[in-house]
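Reviewing the structure listed below.
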Amino acid sequence: MTQGWEADPTSPLVRRLGKSPAELGTTGGEQGCPDVWELENGDIAVVGLDLTDSYLPRLPPGLAVGPDERIVVIPRRTAAAAKAELPDA
């Protein structure tokens, strides 16, 4: 099955959306820092915890996770800090 959208792994990270993990108090030191970044092509990259295996057995109707996809969880405050810089459409 062909996806309607394909990620471009060559598109560079260009800017953080929202505040840094240090500013939000979500840093785990040098590793484990949830973050949201805009790529040069306009796509969004999210750094968070991979909880795919925990959620797969209990997905709600209409939610599917492809074999090349992961469920990534970030703190609410990380998403809220990025919200102002995300386009509405």
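The values are calculated or read from the model by the stated rules, or taken from the named source; none is laboratory data. Keep in mind that this is a model prediction, so the values were computed, not measured. Heads up, the Cβs are rebuilt from the backbone with ideal geometry, glycines too, and the neighbour counts pull from every protein chain shown. To get the accessible areas, we keep the full protein, side chains included, count just its heavy atoms, and leave off ligands, DNA and RNA. Shrake-Rupley method; radii C 1.70, N 1.55, O 1.52, S 1.80 Å.
Numbers for the structure displayed
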| quantity | calculated |
| --- | --- |
| Mean shadow area of the chain, taken as a quarter of the surface of its Cα convex hull (nm²) | 7.4 nm² |
| Size of electric dipole in the chain: Cβ of Lys, Arg +1 and of Asp, Glu -1, about Cα centre, debye, nearest 20 | 460 debye |
| Segment Thr10-Asp50, length gained on full extension (0.36 nm per residue, minus Cα span) | 12.2 nm |
| Most to least accessible of Trp37, Trp5 (protein chains only, probe 1.4 Å) | Trp5, Trp37 |
